[in-house]
1. Quick check: residue separation of residue 7 and residue 85 times 0.36 nm, minus the Cα distance between them. What number comes out in nm?
2. Compute the signed sum of charges (Lys and Arg +1, Asp and Glu -1) over the other residues within less than 10 Å, Cβ to Cβ, of residue 10.
3. Using the Karplus curve 6.51 cos²θ - 1.76 cosθ + 1.60 with θ = phi - 60°, what ³J(HN,Hα) values do you get for each residue of the stretch 77-88, in whole Hz, with x for Gly and Pro?
4. FRET efficiency for residue 60 and residue 14, Cβ-Cβ distance as r, R0 = 30 Å, nearest 0.05?
5. Quick one: net charge of residue 33's neighbours, Cβ under 15 Å, K/R +1, D/E -1?
Amino acid sequence: MAKFYGNVGYIKNTEVQPGVWADQTIEKSYYGDVTRNTSRFQQSDGVNDDISINNIISIVADPYANENFQYIRYVEWMGTKWKVTNAEVKYPRIILTLGGMYHGYSTRTSINTGGNAGNS
């Protein structure tokens, strides 16, 4: 089983001013394990096929992850951001299933207090 250390991206719709809501990306670092490592090519209408992975990453969750797992949208792994297609809570871990490449919002906020990865 391969080890994992990387960023997990949360996207939450927050009120930035009274009556004004916007998506906010929060990125946190976690340790974990890669429990499945597979890839596949998907047929597309474009010139090149799409790359998709079916990797499963099990992260050691902190209280923030346990309370906000439904907002997890991507995992940064091997230099690329990958979509999270499923997040399953199995205390004290969260099992993340990855899919295609993530092309959504860019990082705006990074939470890391106390100097240790994964703390909030």
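Nothing in this text is a laboratory measurement; each read-out follows from the coordinates by a stated rule. What you see is a predicted model, and the numbers here were worked out from it, not measured in a lab. With ideal geometry, Cβ positions are generated from the backbone for all residues, glycine too; neighbour counts draw on all protein chains shown.
1. Here the answer is 26.5 nm.
2. +2
3. 9, 6, x, 10, 8, 10, 5, 8, 9, 7, 10, 10
4. Efficiency, rounded to the nearest 0.05: 0.70.
5. So the surrounding residues net to +3.
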